[in-house]
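J.: Mind looking over this structure? Questions follow.
The values are calculated or read from the model by the stated rules, or taken from the named source; none is laboratory data. Just so you know, these numbers come straight off a predicted model, no measurement behind them. Cβ sites come from the backbone with ideal geometry, for glycine too, and all protein chains shown count toward neighbours. When the accessible area is computed, the model is the full protein with side chains, heavy atoms only, and any ligands, DNA or RNA have been set aside. Shrake-Rupley method; radii C 1.70, N 1.55, O 1.52, S 1.80 Å.
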Amino acid sequence: MNCLKIICLYFCPSVNPNFEEYLEGQYLFEANQLLIDREKHLFGEITEADAITAHEEAVKKLAADYEALEKLIEQTVQQSLSLSSEETVPALTSAVKAIKLEEEQDQLWKQRCQTPPAWRPKKWKEHHDKVLHELVYSRLENPSSPTGDQENQSPIRADVQSMGKQLKEDMQWVVEEVKNCYPPEMDICNFYARQYHQTFKAKLKQIADSVLDDEDCSFLLRWVKEFYPGILEKPELASNINTEELGNLLPDELLKPLEEQYLSKQQSDLMIFIDRVLDEAKKEWDQGKEPTRDDGCYVSPVAYDVIQFINGIMTSAHITVRDPHKAQKITSNLTDFMQRYQNFHEDIIKQNKPHSKAFIKANLSCVEQFRDFLVDRDLFPEDVRKNCLQVLTEMKQSAHTYLLTPVHKILKPHYKKLGTSDWLKKNTFEKLLNSTEEELQQLQGSSQSSYQELIGQLYQEMTVEYVQRLLKGKIKLKDSIQQQKAYETVKENAEKLHELFAKMGSKQDWLKEILTKIAEVLKLQDIPAIQMQIFSLGSAYPDLRQMP
């Protein structure tokens, strides 16, 4: 009998479909109701002896029909994840209602004093759960949708990828279609989630127990920490599943060795790559090539390439191990790289080749980039961060010394005239300014901020030189007229020196104030008062006092 006839019979009040017709039309709930009515008739109002003797054939037929119905319900449940919604939803909905009705019937029989039929309790809900457990196991054991790139994957990665894809598709189907076939109290989405979680967990545990190569280890960790949580966090799943009660896919005793292996491999990869970057820079140096220029500045790829790689590998590690502190193991050897970089830097200075200055200017820009990058405390162990910053400070200081020492050598003849009788003549300081401007232009070639730091250092050192020359007292200011002349000269010198350095980009405004205060000191005739002012200057400007 076709389904159209069944539907006509079902909706026609004058026609009552029989059990077989309901089964054929997959009206399983209605078929179950018929069986329960027959059960009530056979075991309700008659004695147990009458039921066994007078209705033995009817009982056998009822048991057979129950068996047929149970078999069809089991088949329907088994097909929950593999049919289209048009085929699955009505039949599964009817099967679930039948299961629920049978659970109620089991409970009613528990409350009766008479002996139940041989098939009671039927425990269809328990059997339903077992069928779904086996269904989920078979789906992950034999995924129906293997990944497309299995030829380039190891067997382990292919298996995990296929299982994960199957899990994702099936759980999507559960929340979109299967959920609608079940009453809320059965909490079917969480039931499926637990089955898939436990089955997937058991599969991954078997894999994690074996010896894995680095790629398989990394892939497995990403599934445990990133891909699987990502599936569960999708809005359509997260709104239907209690993900917290599922727990972790792998226990700590298996997860920790995997994390150690993964982090060690990432650490090794990092050091290999950044050492290669430095080796490439050394190769350029050995070949006598100048660094390339960008917008007038010498540039080196060392800092950019190293920072990009660290950022990439640490971003991935934070996702994979989900613990920034653990991920810091990857950068724990960075101090070794920085010391190698410093040795290369010092070697460039020591050899003092024609292209040494260009390389040092490029290195200054790299030092600045590394220094800004190391501010992020999450990426590095604190001792590593501090040690690297110390190395960078030393590199900057040695670069400044290397670049500024020749400048002072050129300016030394002009320094010698400071504080002498020639110094009070305007053209003497003008010559110093002109030479300084020429040298400031020669110092260009690093990034703008690195150049500002460099000429700021020169400004400080020139200020110290100026003050020291004045305090040597080679010129005696015999009267107030000479003192006034000296005051005006120092004040004018301070203005012009500051104007020159400000024009070139220096931000060291406080140095101008020092020379202005020195000018005020020169107006004093009282020796103790002069000494007090000098002491006050040292206290107010400790940077000046600490300089050689």
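J.: What value, in deg cm²/dmol to 500, does the helix sum -39500 (n - 2.57) over DSSP H runs of n ≥ 4 give at 222 nm once divided by the residues of the chain?
T.: Details: 24 runs with 393 residues, N = 548.
Value at 222 nm, helices only, nearest 500: -24000 deg cm²/dmol.
J.: To continue, here is another question. Based on Cβ point charges of +1 for Lys and Arg and -1 for Asp and Glu, what charge dipole magnitude is obtained for segment 361-466 about its Cα centre, in debye rounded to the nearest 20?
T.: Values: 13 positive and 15 negative charges, 106 e Å.
In total the dipole reaches around 500 debye.
J.: Using +1 at the C-beta of Lys and Arg and -1 at the C-beta of Asp and Glu, which of Ala91, Tyr262, Tyr304 has the Cα lying farthest in the positive direction of the dipole of the chain?
T.: Going by the Cα projections, it comes out as Tyr304.
J.: While we're on this one: Let me see the pair-distance distribution of segment 219-262: every alpha carbon pair, 10 Å bin width, integer percents in order.
T.: That works out to 26, 48, 22, 4, in percent per bin.
J.: How much space per residue, in cubic angstrom, does the convex hull of the C-alpha atoms of segment 235-365 take up?
T.: 135
J.: Cα gyration tensor of segment 135-262, axes a ≥ b ≥ c as square roots of the eigenvalues: rounded (a/c below 1.5), prolate (a/b > b/c) or oblate?
T.: Values: a/c = 2.25, a/b = 1.60, b/c = 1.40.
It comes out prolate by the Cα gyration axes.
J.: To continue, here is another question. Give me the accessible area per residue for the chain, probe 1.4 Å, as a whole number in Å². Please list the in-between numbers first.
T.: Values: 28330 Å² over 548 residues.
Computed with neighbouring chains in place, this is 52 Å² per residue.
J.: Once the convex hull of the alpha carbons of segment 322-472 is built, what does its volume come to per residue, in cubic angstrom? The partial results should precede the final answer.
T.: Working: hull volume 18.7 nm³, N = 151.
About 124 Å³ per residue, rounded to a whole number.
J.: In debye to the nearest 20, how big a dipole does segment 144-260 give about its Cα centre with +1 on each Lys and Arg Cβ and -1 on each Asp and Glu Cβ?
T.: On the way: 12 positive and 23 negative charges, 48 e Å.
Computed charge dipole of segment 144-260: roughly 220 debye.
J.: If you take every residue apart from Ile73 with its C-beta less than 14 Å away from the C-beta of Ile73, what net charge results, scoring Lys and Arg +1 and Asp and Glu -1? Don't skip to the end; give the middle numbers.
T.: Details: positive: Lys71, Lys97, Lys100, Lys122, Lys123, Lys125, Lys130; negative: Glu30, Asp65, Glu67, Glu70, Glu74, Glu102, Glu103, Glu126, Asp129.
Within the 14 Å Cβ shell, the charges total -2.
J.: When you have a sec, figure out the Kirkwood radius of segment 421-527 from all distinct Cα pair distances and drop it here in Å to one decimal? It would help to have the intermediate numbers written out before the result.
T.: Values: mean 1/r = 0.0684 Å⁻¹.
That comes to 14.6 Å for segment 421-527.
J.: Ordering Thr243, Thr320 by how much accessible area each has at a 1.4 Å probe, largest first, what is the list? Could the numbers behind the result be given before it?
T.: Values: Thr243 55, Thr320 0 Å².
The ordering from most to least exposed comes out as Thr243, Thr320.
J.: Quick one: plug the Kirkwood hydrodynamic radius of segment 417-481 (C-alpha pairs) into Stokes-Einstein at 4 °C, 1.567 mPa s, and report D in µm²/s. Present the calculation step by step, with values, prior to reporting the outcome.
T.: Values: Rh = 13.6 Å.
Here the translational diffusion coefficient equals 95 µm²/s.
J.: Projecting each Cα onto the charge dipole of the chain (Lys/Arg +1, Asp/Glu -1 at the beta carbon, about the Cα centre), which of Leu62, Gln79, Pro381 comes out farthest on the positive side?
T.: After comparing all options, I get Pro381.
J.: If you line up the Cα atoms of segment 191-276 on their principal axes, what length do they span on each, largest first, in Å?
T.: Computed over the Cα atoms, the extents are 50, 28, 16 Å.
J.: Probe radius 1.4 Å, ligands and nucleic acids ignored: give me the carbon and sulfur share of the accessible area of segment 344-387 as a rounded percent.
T.: Details: 950 of 2010 Å².
For segment 344-387, the apolar C and S fraction of the accessible surface comes to 47 percent.
J.: Compute the length gained on full extension between Lys289 and Thr401: take 0.36 nm times their separation in residues and subtract their Cα-Cα distance, giving the result in nm to one decimal.
T.: Numbers: separation 112, 0.36 × 112 = 40.32 nm, distance 2.30 nm.
Extra length available between Lys289 and Thr401 comes to 38.0 nm.
J.: A further question follows. Among Val467, His498, Tyr487, which residue has its Cα furthest toward the positive end of the charge dipole of segment 425-498, with +1 on Lys/Arg Cβ and -1 on Asp/Glu Cβ?
T.: Tyr487
J.: Against the 2.2 N^0.38 Å scaling, with N counting residues, where does the chain land? I'd like the Cα-based Rg ratio to two decimal places.
T.: Values: Rg = 43.1 Å, N = 548, 2.2 N^0.38 = 24.2 Å.
Taking the Cα Rg and dividing by 2.2 N^0.38 Å, one obtains 1.78.
J.: Determine by what factor the alpha-carbon radius of gyration of segment 295-354 differs from 2.2 N^0.38 Å, reporting the quotient. Present the calculation step by step, with values, prior to reporting the outcome.
T.: Values: Rg = 15.8 Å, N = 60, 2.2 N^0.38 = 10.4 Å.
Scaled against compact globular proteins, the figure is 1.52.
J.: Calculate the dipole size of the chain relative to its Cα centre from +1 charges on Lys and Arg beta carbons and -1 charges on Asp and Glu beta carbons; express the result in debye to the nearest 20.
T.: On the way: 68 positive and 87 negative charges, 927 e Å.
Approximately 4460 debye in magnitude.
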